[in-house]
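Reading through the structure tokens given below for one structure.
The values are calculated or read from the model by the stated rules, or taken from the named source; none is laboratory data. Values in this document were obtained by computation on a predicted structure and should not be read as measured data. Backbone-built Cβ (ideal geometry, glycine too); neighbour counts: all protein chains shown. All accessible areas refer to the heavy atoms of the entire protein, side chains included, with ligands and DNA or RNA removed. Shrake-Rupley method; radii C 1.70, N 1.55, O 1.52, S 1.80 Å.
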Amino acid sequence: MIEQALEDALAQCRLTRSEFSELLVRLLDYGVICRDESNVETVLYDRFQRCEALIREWLSPLGLRLQHDSRFQFIRVFPPGAEVPGMPDQEEPHHGGFRARLTQQEVAAILVLRVEYDKSLREGQVDDQGCVALSLEALELGLRNLLKLSLPDKLADRKQLLKKLRQLRLIQVAGEDNEAAAEILLRVRPTIAQFVSEATLHQLLEGDAPAASQENAAAPRITPLVEDHSLFNAQES
């Protein structure tokens, strides 16, 4: 009965079962799909638009919710209990079984990206896709000024941090193969604005943000959207 209902729904969406499965698996694995990230995600995003109602119907019984930003063309899935912009909070408590934790370094970098994005937004330095340009040096300076931190000393660790931010679809990176930090340019996506709340941004700028300098402390919950970025640890393609 369920099988036949799915086949009928897929036929209306002009999708095969394997195409539907590929889209679901990618969305649940990465937690986010951005149309301009790659040719693969372009295909998957366009496919999602053909079956959005069906995807939502299948995820809803699991308590999973979707955010679809049609202007900047990205989709993000949120685990049960996560706060989603524009949606009411869920009443049932959840204990974070699906949630992936961020490291202190990742939390700090995300906070600074949010601050720098907001600054560029106010200055009108945003491209047609809602992205802003930021050098790696500017990120380093922001870490020092706002949180008294710095980027990892080792190049490999820096690349790992940038890889994680890219996996979260918060940035795109140009020149990351260069060893000189001055030649690495970041493109901060508008997804950062949903990832870190306005309240957290205000708290940081007022100097009341959770301290991120204790290396062994648990990563602070800067906003429910940050920890709940994906159901699983993202795997980069």
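For the reader, a short list of remarks on this structure follows.
- Residue within region 43-54 that is outside any helix (DSSP H, G or I) and at pLDDT 95 or above present: yes
- Scanning region 103-114 for residues that are open to solvent by 20 Å² or more (accessible area, probe 1.4 Å), of a type in the set (Val, Ile, Thr) and modelled with pLDDT of 90 or more gives no hits.
- For region 55-81, the set of residues classified as open to solvent by 20 Å² or more (accessible area, probe 1.4 Å) and part of a helix (DSSP H, G or I) consists of 56, 57, 58, 60, 61, 62, listed by residue number.
- A count restricted to region 28-42 and to residues that are part of a loop (DSSP other than H, G, I, E, B) and on the phi < 0 side of the Ramachandran plot stands at 4.
- Taking region 49-80 as the range and being aromatic (Phe, Trp, Tyr) and farther than 20 Å from residue 189 by Cα as the test, only 58 passes.
- Members of region 118-170 that are among the hydrophobic types (A, V, I, L, M, F, W, C), open to solvent by 20 Å² or more (accessible area, probe 1.4 Å) and within 22 Å of residue 41 (Cβ to Cβ): 126, 133
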